[in-house]
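Presented below is the structure to which this report refers.
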Amino acid sequence: MFFLAHELVALVGLPVGVVVAETAAAAAIAADLVEINYETLPLVAGPREARVSGAPAVRAANPDNVTNQAHHERGDVGRAFGEAAVVVERDFHSHAVHQGYLEPRAVVAAVDPTGGVTIYTPTQGQFAVRIAVARALQIPETDVRVQPMTVGGGFGAKFVLLEPLVALLALVSGRPVRLELTRSQDFVSTMPAPEALLRVGLAADADGRFSALRVDMTFDTGFFSHSPYQQASIMIGANYRFPALDIVSTEALSNRTGVGAYRAPGRTQAAFAIETLVDELAEQLGVSPIELRLRNVAGAGDALPDGTVWPPLELGKLLEGAREHPLWTAPCGPGEGVGIALGTLVGSVESASATMRLNADGTLSVVVGSVDLTGTTTALTQIAAEVFGTDPSRVRVTTAPSETAPHAGGTGGSKILYTVGNALIEAARDAREQVLAIAADALEAGTGDLEIADDRVGIRGAPDRALTLAQIHARTVVMGSPYAPVFGRGTVANPYKAPPATVHIARVQVDLETGYVRVTGYAALQDVGRAINPAEIDGQIHGAVAQGIGWGLCE
């Protein structure tokens, strides 16, 4: 959806023309004067209609409206279902839902005097924007400068959308251009979480051991191919051990806007289906839902549907904690029920770099390319300060624009701290070693005898023999200095994943006459690894719970 509709307007919300004016009011008036004549074409309203035999083709290149498909197989599923002591199979429907971020989309682009274009955008991934704009405009990436702005909520939605169009308008007009969507336009024309249809079957023996999983999923990708069909195909069979499985996940076109990520794309829909069936299976077997999960839960070394295996994973310990939680053990009142569900994320891997510079006043400047979306700047500050050996108040972390920033992947996939964070550890160690080497030479001591305490580098046990960080910096910038300026570099190609795992307990009360549902209690037990900033993590969990309740009950 980078530019404008050409001959075919495939969905409501697809831009068909642009009015550029000196003021937003003038542009709005002019846009209202534009008249367009449309010829009505057959409509594919969603994934159900897209998969019907003989459905109109949304795109000529995809006559069956299927753009992609993932298929994972293991064992003899037919035999397992035929010999199972108990089988549950259901159809599930998950609605499309907008991410509900605070600010509508807004982009500014300006032509550089020396050529190229500078884009100001609240994006989760500035390098993704640079690549997309360069490819769409067919110009070198070095001619695209992206200045990432503060993101007022993204949840996976704010990567690239309007930036190529605004950049094109700036280059054509030779003037700075701003495009800001209204809330209504944002709802209609951006990238919500997709509608999904799931047919899921689960088989188990008399002891409650799962024997097979059978899944047929369809994700609505709208007019653009970008759904989480692949991720969902893995995660729906990832939380438990299945000797046999057959998972088909399909991406289908429709006459709707393209779809995007929303807090672990595809996992929510997958968890909704599989966790519901586990509860139904537990009821049929007369087993506690937690006990049934404990008998089948996946752990380190267990295979995922795609043949990869789990790294260390502590779902079992979380379930044991949930079993003793008062929200689970307390008796239910009239119209009240309690439920439980598991959640995991395989985790992403991506290369990253970071730098650390010693300043004249003894402070440290850290430069990264990642955008702070969830408080990562605070955690990166803590990492830098701890590794270097100073107080966090002496560290400033800056996200530089694309032309000067060290590389970092997009802020998503729960990966910034163990990709950019690990690069920063290397950069801080490098800067620390440079400082200690300069101090050791000046103080006539070995580096192993030195320590850094706040803004001073001194000899252990000899507090009078020390230099401040400012003094060390001064020694590196005088004319004829034998010391290079302190500039630490770190770069990693992170091969290890850090999968988060969680168990949630929800207690709700239902008015049996009206059907009104009220949440009376909620608990989230989460394995977060090492908590660099517990307060930020608490905020993340609280926000996720609020959005989950919203999707489940209100949206």
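May I ask you to verify whether Phe219 is assigned to a strand (DSSP E or B) and under 20 Å from the mean Cα position of the chain (by Cα)? Yes, satisfied. A single member of Ala270, Ala379, Ala341, Ala352 is touching a helix residue (DSSP H, G or I) at 6+ places or on another chain (Cβ under 8 Å), part of a strand (DSSP E or B), modelled with pLDDT of 95 or more and closer than 26 Å to Asn494 by Cβ, and it is Ala352.
Within the stretch 256-271, identify whether any single residue is touching a Lys or Arg at 6+ places or on another chain (Cβ under 8 Å) and in contact (Cβ under 8 Å) with a residue 60 or more places away in the chain, and answer yes or no.
Step one: of the stretch 256-271, the residues touching a Lys or Arg at 6+ places or on another chain (Cβ under 8 Å) are none.
No: the stretch 256-271 contains no residue that is touching a Lys or Arg at 6+ places or on another chain (Cβ under 8 Å) and in contact (Cβ under 8 Å) with a residue 60 or more places away in the chain.
Mind checking whether some residue in the stretch 238-252 is touching a His at 6+ places or on another chain (Cβ under 6 Å) and under 27 Å from Gln124 (Cα atoms)? Checked against the condition, which is being touching a His at 6+ places or on another chain (Cβ under 6 Å) and under 27 Å from Gln124 (Cα atoms), the stretch 238-252 yields no hits at all.
Can Ser348 be described as under 20 Å from Val151 (Cα atoms) and within 21 Å of the chain's Cα centre (by Cα)?
no
Of the residues making up the stretch 168-198, those that are open to solvent by 10 Å² or more (accessible area, probe 1.4 Å) and in contact with a helix residue (DSSP H, G or I) (Cβ under 9 Å, 6 or more places away or on another chain) are Leu168, Leu171, Arg175, Pro176, Val177, Arg178, Leu179, Glu180, Leu181, Glu195, Leu197. Contact annotation: residue pairs with Cβ atoms under 9 Å, 6 or more positions apart or on different chains, pairing a residue in the stretch 207-230 that is under 19 Å from Leu285 (Cα atoms) with a partner that is of a type in the set (Lys, Arg), are Asp207/Arg295; Gly208/Arg295; Arg209/Arg241; Arg209/Arg295; Phe210/Arg241; Phe210/Arg295; Ala212/Arg79.
Residue check: is Ser254 of a type in the set (S, T, N, Q) and part of a loop (DSSP other than H, G, I, E, B)? Yes; evaluated as a whole, the condition is true for this residue.
Here Gly100 meets each of (1) open to solvent by 30 Å² or more (accessible area, probe 1.4 Å); (2) not in a loop (DSSP other than H, G, I, E, B) with one exception, condition (2).
Every test in (1) within 21 Å of Lys158 (Cα to Cα); (2) part of a loop (DSSP other than H, G, I, E, B); (3) touching a strand residue (DSSP E or B) at 6+ places or on another chain (Cβ under 6 Å) is passed by Gln230 save one, and that test is (2). Within the stretch 431-459, being in a loop (DSSP other than H, G, I, E, B) and under 44 Å from the mean Cα position of the chain (by Cα) holds for Asp454, Asp455. Taking each residue of the stretch 131-157 that is under 19 Å from Ala106 (Cα atoms) and open to solvent by less than 60 Å² (accessible area, probe 1.4 Å) and looking for partners that are assigned to a loop (DSSP other than H, G, I, E, B) and of a type in the set (Asp, Glu) with beta-carbon atoms closer than 9 Å, six or more apart or interchain, yields Val144/Glu403; Arg145/Asp112; Arg145/Glu403; Val146/Glu403; Val151/Glu103; Val151/Asp372; Gly152/Glu103; Gly153/Glu103.
Looking only at residues in the stretch 243-267 that are among the charged types (D, E, K, R) and surrounded by fewer than 23 Cβ atoms within 10 Å (Cβ to Cβ), the one that is modelled with the lowest pLDDT is Arg263. The sole residue among Arg518, Arg475, Arg489, Arg507 that is open to solvent by 30 Å² or more (accessible area, probe 1.4 Å), closer than 22 Å to Gly335 by Cα, at pLDDT 95 or above and basic (Lys, Arg) is Arg518.
If a residue counts only when it is free of Cβ contacts under 8 Å to residues at least 40 places away in the same chain, which strands (runs of 3 or more DSSP E) contained entirely in the stretch 470-555 have at least 2 such residues? Per the criteria, 517-527. For Ile29, the conditions (1) farther than 25 Å from Ser254 by Cβ; (2) part of a loop (DSSP other than H, G, I, E, B); (3) β-branched (Val, Ile, Thr) all hold with the exception of (2).
The values are calculated or read from the model by the stated rules, or taken from the named source; none is laboratory data. Every value quoted in this text rests on a predicted model; they were computed, and no experiment measured them. Cβ sites come from the backbone with ideal geometry, for glycine too, and all protein chains shown count toward neighbours. These area figures cover heavy atoms from the full protein model, side chains too; ligands, DNA and RNA do not enter into them. Shrake-Rupley method; radii C 1.70, N 1.55, O 1.52, S 1.80 Å.
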